[in-house]
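The next block holds one structure in the form of structure tokens; read it before the comments.
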Amino acid sequence: MTPQQAEAPEADLIAELHEVLWITRPDADVDLIRHAYDVAAYWHHGQTRQSGDAYITHPVAVATILARLNADDPTLCTAMLHDTIDDTPCELAALSREFGTEIAAMVGEFTRLHRIRRRGRKAAQAMAAAVSRDTRVLAVSLADRLHNMRTLQFLPQATQLRKAREVLDFFVPAAQQLVAQQLRMDSVPSELETLASAALARNRYARAASGRLVATAATLLPAATRNRWREEWLGELQTLPTRKDRGSFAAHTALGMVRLALTLRRRPADRG
Amino acid sequence: MKYELRITGPVERVLSVLLADPAVPRYGLEISKQADLETGTLYPIMARLERARWVESRWEDPDVSITDGRPRRRYYQLTRDGAEQASRALQDLAQARHKRRSSLAAAQPGVIGVPL
């Protein structure tokens, strides 16, 4: 990196990645990963995220998420390069020359998965297909989505809702499947779920008084079930035609909250 | 007959709504309207019914809600066991009511009860 670039936020991110690797993967091929960064930075040069950050900050963040999970070198390189094919003029043949066939194939597989989703085909099928192939590519896909969810507030509301729902419907199950396969991603499914549910809870009426009332009251509920109820109520709230209806719904629902919390906190063994 | 949960008046109304057609899944707002219960009463009941496994709930297929342009709904439906227990509970309740009414009717006015 040139000295001018060292001031940029991506320099901090690269430094963080190095620190993480030092702990989780002391044997990592830092030069190779660094090379993947340079190639990705070259292709993404001039592109920005919705947040205004340089685009390259995203692949670095995704690689860092994976580095924390002890991902291997090809996975970390794939993370760095994951958007080069779809979002830049870079071609797989070039990646194959630079990084060899394994990494190029993984980036290709990631891109294929991504395009299937963009075409709107049943994404669950795509995820299932990925699980049967290279689980490392699915791990990159999950880390990509996790970072996108962490930075979701910069996207338009409709996109937020669609992405959040996608996450709950198949990214969380896919992540759980990876955990079941002992891929050391135990924290990923729960974080994805929390972020996605929070995004859904921030829907159109979540900021109106009625939505805030319901959301606040829901904090009384046990954490494990809170998001489900909040989404259910904010959804119902949204379908009510008038403000008065919504206010009344919110008030009554909030009144029932203590009783609901007590019901949910009672251990199932207490039944009968 | 002992049930896993107490059949209060509101619970009875929810069960009647669900039993009207146990094969049809219904969402919270719909049940609350049909049973004429406020949501603050309804949701704790739904949670109790669910814990007792009389009722199951699941999210609506997202494709449907996206096509309809609204948030997905949480649908509730009686389980097979729940439907059996619920209809038995409602029958028992109706019987008990009938018995009480006939015993009251048989009672002589003025014989029971305190003078005003």
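Screening B:A86 against (1) in a helix (DSSP H, G or I); (2) under 20 Å from A:L264 (Cβ atoms); (3) touching a strand residue (DSSP E or B) at 6+ places or on another chain (Cβ under 7 Å); (4) not charged (D, E, K, R) leaves a single unmet condition, (2). Looking at A:A251, A:A199, A:A206, just one residue is more than 9 Å from chain B (Cβ to nearest Cβ), outside any loop (DSSP other than H, G, I, E, B) and either modelled with pLDDT under 80 or more than 32 Å from the chain's Cα centre (by Cα) (or both), and that residue is A:A199.
For the range B:25-51, a residue qualifies if it is touching a Leu at 6+ places or on another chain (Cβ under 6 Å) and either at the interface with chain A (Cβ under 7 Å from one of its Cβ atoms) or of a type in the set (K, R) (or both), and the qualifying residues are B:G40, B:Y43, B:P44, B:A47, B:R48.
Among the residues of the range B:4-24, those that are among the aliphatic types (A, V, I, L, M), farther than 16 Å from B:R97 by Cβ and within 14 Å of another protein chain (Cβ to nearest Cβ) comprise B:L5, B:V14. Taking the conditions (1) at pLDDT 90 or above; (2) touching a Lys or Arg at 6+ places or on another chain (Cβ under 8 Å) in turn, B:L49 satisfies each one other than (2).
Selection of first residues in the range A:158-180 that are modelled with pLDDT of 70 or more and of second residues that are of a type outside the set (A, V, I, L, M, F, W, C) and not in a helix (DSSP H, G or I), restricted to Cβ pairs under 7 Å at least 6 apart or on distinct chains, gives the following pairs, ordered by first then second residue: A:L161/A:N203.
Looking only at residues that are touching a Ser or Thr at 6+ places or on another chain (Cβ under 8 Å) and of a type outside the set (V, I, T) in the range A:137-163, which one is nearest to A:L113 (Cα to Cα)?
Here is the first cut: in the range A:137-163, the ones touching a Ser or Thr at 6+ places or on another chain (Cβ under 8 Å) are A:137, A:139-140, A:151, A:154.
With the extra rule that they be of a type outside the set (V, I, T), the set shrinks to A:139, A:154.
Numbers: A:A139: 12, A:F154: 24 Å.
Within the range A:137-163, the match that is nearest to A:L113 (Cα to Cα) is A:A139.
Picking from residues in the range B:52-62 that are more than 9 Å from chain A (Cβ to nearest Cβ) and more than 15 Å from A:E236 (Cα to Cα), the one that is farthest from the chain's Cα centre (by Cα) is B:D61. For B:I7, the conditions (1) surrounded by 21 or more Cβ atoms within 10 Å (Cβ to Cβ); (2) under 11 Å from the mean Cα position of the chain (by Cα) are fulfilled apart from (1). If you go through the range A:209-248 and pick out every residue that is touching a residue at least 40 places away in the same chain (Cβ under 8 Å) and more than 31 Å from the chain's Cα centre (by Cα), you end up with 1. The test for being farther than 22 Å from A:L155 by Cα, part of a loop (DSSP other than H, G, I, E, B), of a type outside the set (D, E) and in the same structural domain as A:A143 (by TED's automatic domain parsing) holds for A:A28.
The values are calculated or read from the model by the stated rules, or taken from the named source; none is laboratory data. These figures come from a predicted structure and were not determined experimentally. Note that we place each Cβ from the backbone using ideal geometry, even for glycine, and neighbour counts take in every protein chain shown.
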